[in-house]
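*Asks:* Below: one structure in structure tokens.
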Amino acid sequence: MNELAEVLFFESKLYLTNAFNFRSLAHEEMHKYNKKYFISLGTSMVKSIDPKGFTQWTEPGIRAQLLDKQTLNLVQDFVVEGDHKSVHILNAVSPAFTCAFPFSQYVTDQYVFASQ
């Protein structure tokens, strides 16, 4: 219940302060639950689209993104935290990137081998 209260508090704060244009983004995301509207967004990205082809419909999802609670801004990059026992990659919105060799080398150099 405490976590729910905290989430509701910050979402309300973001909505009221309109940090990073949150209010418009929230309204836009709500419109995407309308199938006709969502399909119309797709028509702007392709030459042609047949709306009848959308025979199955599920509600769109929203991916999580890290919020800096001090500045009320979205964090735009990975946050890597760790110690000698564990490493955590926060805000990893791209599984492909977290598997990239340069990124994995960085993580192992900074957090795994550094703790030995």
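*Asks:* Restricting to region 61-78, name every residue that is surrounded by fewer than 11 Cβ atoms within 10 Å (Cβ to Cβ) and within 18 Å of E29 (Cα to Cα).
*Replies:* The answer is G61, I62, R63, A64, Q65.
*Asks:* In this structure, is F10 touching a residue at least 40 places away in the same chain (Cβ under 8 Å) and either in a loop (DSSP other than H, G, I, E, B) or of a type outside the set (D, E, K, R) (or both)?
*Replies:* Details: touching a residue at least 40 places away in the same chain (Cβ under 8 Å): yes; either in a loop (DSSP other than H, G, I, E, B) or of a type outside the set (D, E, K, R) (or both): yes.
The answer is yes for F10.
*Asks:* Turning to a different aspect of this structure: Residue by residue through region 15-28, note down the ones that are out of contact with any strand residue (DSSP E or B) (no Cβ under 8 Å at 6 or more places or on another chain) and surrounded by 12 or more Cβ atoms within 10 Å (Cβ to Cβ).
*Replies:* Pass one, region 15-28, residues out of contact with any strand residue (DSSP E or B) (no Cβ under 8 Å at 6 or more places or on another chain): 15-18, 21-28.
Result: Y15, N18, F22, R23, L25, A26, E28.
*Asks:* Can you work out which of the residues in region 39-59 that are part of a helix (DSSP H, G or I) and touching a helix residue (DSSP H, G or I) at 6+ places or on another chain (Cβ under 8 Å) is farthest from T71 (Cα to Cα)? Let's see the steps before the verdict.
*Replies:* Within region 39-59, the first condition is being part of a helix (DSSP H, G or I), and the residues that meet it are 39-43, 51-53.
Going one step further and asking which of them are touching a helix residue (DSSP H, G or I) at 6+ places or on another chain (Cβ under 8 Å), we end up with 39, 51.
Working: I39: 35, P51: 42 Å.
Among those that are part of a helix (DSSP H, G or I) and touching a helix residue (DSSP H, G or I) at 6+ places or on another chain (Cβ under 8 Å), it is P51.
*Asks:* Exactly one condition in (1) surrounded by 11 or more Cβ atoms within 10 Å (Cβ to Cβ); (2) in contact with a Leu (Cβ under 9 Å, 6 or more places away or on another chain); (3) under 28 Å from Y111 (Cα atoms) is false for E81; which is it?
*Replies:* Here E81 meets the rest and fails (1).
*Asks:* What residue, of F38, F10, is over 22 Å from N73 (Cβ atoms) and either at pLDDT 90 or above or under 20 Å from the mean Cα position of the chain (by Cα) (or both)? Talk me through it step by step, then tell me what you get.
*Replies:* On the way: F10 fails: over 22 Å from N73 (Cβ atoms).
Checking each option against the conditions leaves just F38.
*Asks:* If you go through region 68-89 one residue at a time, do you hit one that is closer than 22 Å to V7 by Cα, part of a strand (DSSP E or B) and in contact (Cβ under 8 Å) with a residue 24 or more places away in the chain?
*Replies:* yes
The values are calculated or read from the model by the stated rules, or taken from the named source; none is laboratory data. The structure displayed is predicted, hence computed values, not measured ones. Cβ coordinates were reconstructed from backbone atoms using ideal geometry, including for glycine residues, and neighbour counts include every protein chain displayed.
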